[in-house]
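Written out below as C-alpha cells is the structure these notes cover.
The values are calculated or read from the model by the stated rules, or taken from the named source; none is laboratory data. In this text the structure is predicted, and so the values were computed from the model without any measurement. Here the Cβ is made from the backbone with ideal geometry for all residues, glycine too, and neighbour counts use every protein chain on show. Protein only, heavy atoms only, side chains kept; ligands, DNA and RNA dropped before computing areas. Shrake-Rupley method; radii C 1.70, N 1.55, O 1.52, S 1.80 Å.
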Amino acid sequence: MAIQWLRCGHHVYVVCTCWESSIASMMLYHLLLQTVKTQQSAGVSPGQPHLLLYDLYKSEEVEKAVNDLSQAARGGSLYIIADEASGSEYFHTVCYKLLTQVPDLHLWAASCFHGDAPAGFQVEYLTRPLRSPPAVVREVKKDEIITEHRDVLPYSERGVPDHTDGPPVKILSHRGKGHSGVWPGDCVTCGRDVASFLHSLRVGVTENVTTTATTVTSTNGGTTPPCLQWRDVLVLYLKDISDDSGMMKELKEAGIPVRMMKDDNIEDVATARCDVVWVTSGQRVCGLERKVVVCLEDQVLSRFCCMSRCTSQLLIIYC
C-alpha cells in the first residue's frame, strides 16, 4: 500500500509505535527508499517516505505523535503505515485523534495480535503461514499464545502445495554431562554445540570455482558467494544474555562473528548491512526474517517470538 501511495506522489509516514516495532519499521522504511530510487531512475517523481519513532506505551508520546502527524498532513491528506503496531490504548488514542483532525486520513496498520485493532477500524485477518516452511510452522503453532490464550489466531491452510517440508528442525538439549548454568545462554557446552552446527551448514564458506567451457555463466576463475552468510543467522532468546556469557564466548572462540544487538544497532540489523550473527531478544525483532534461527530456550512466547523468524533452518536448545 505504501508503494502505491508513493507512486501517486504522496508522502508516506512509517510510524514506529513502540520498541518492539522498531526493526519492522526500519526495514519497511529502507524498502520504501529503495522503491523511490528505482522509480526515480526510471524517470518517475514519486513521493517520499519518512520514518517517525515513538514509544506509545508512554502517555506523553501521544500528543507528540498526534501533533507531528497532523502537522504533516498536506492539503488535509495524510498517509500512514504502522507495522507491528502496539495494541496499547495510547496507540488507539492517536488513531482516534487523527480521525478528528485530518479530513483525509489513510492509515494502514498491522499487528500479529488479533485483538489490537482500534474499535471501528476495518480489519482483515491474514492467517496463512507464508514465511516459514512446514517443519518450522509445526513448532511455532504449539505456542500457548496460539493454542490456549488465543491472542494470536491459529494458522489456516496455505491453500497451495508445499514444495518442501524444509530442513528438519535440529534439537539440542541443555542437559547432561558438561553442561553448566541455568539456561543455554550461560553454557559453554551449548555454545560449542551451536558453533559446531553452524559450521556444519558451511555458513560463510566461499569455495574457489574453476571456469570451464561448459559453464553457463563464466566465473573467470573467481569465487562464488557462500550459500549462507553470517548475516543469514540470528540467535534469539527471551532471557537476558551478556557478551561474557558462556554462549557468546564459545561462539567467538569458534571464529563466528557474533554481536549483541544494542539500541544503536537497529538500522544495521534491519538492513543486514554487516555480515555478522546478531544475538538479541525475540521480542526486539518482530517482522525480521532470517534463513537460520537459533532459539536458546523453549518457554512461553519463545516459539511465537523467536522460532517464527525462521525461513529455513531452525535450531532449538531445550532447557
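Things to note:
- Carbon and sulfur %, accessible surface of the chain computed with the full protein complex present, 1.4 Å: 50
- Value in Å of the Kirkwood radius, where the stretch 230-319 supplies the Cα pairs that are averaged: 13.0
- The chain - mean residue ellipticity at 222 nm from DSSP helices (-39,500 (n - 2.57) per run, n ≥ 4, rounded to 500): -8500 deg cm²/dmol
- Sparse packing (at most 15 other Cβ atoms within 10 Å of the Cβ) combined with a DSSP loop state is found for the following trypsin sites (Lys or Arg not before Pro) in the stretch 268-319: R273.
- The chymotrypsin sites (Phe, Trp or Tyr not before Pro) found in the stretch 69-164 that occupy coil by DSSP, while having at most 11 further C-beta atoms within 10 Å, are Y125.
- Angstrom value of the Kirkwood radius, inverse mean 1/r, which spans all Cα pairs in the stretch 1-55: 11.3
- Counting only aspartates and glutamates at least 8 places from K291 when in the same chain, those with an alpha carbon closer than 14 Å to its own are D232, D275.
- Chain lengthening between R131 and D165 when straightened (0.36 nm per residue, less Cα-Cα): 11.0 nm
- In the stretch 107-185, the alpha-carbon atoms span a convex hull of 164 Å³ per residue.
- Semi-axis lengths (Å, descending) of the ellipsoid that matches the C-alpha gyration tensor of the chain: 37, 26, 19
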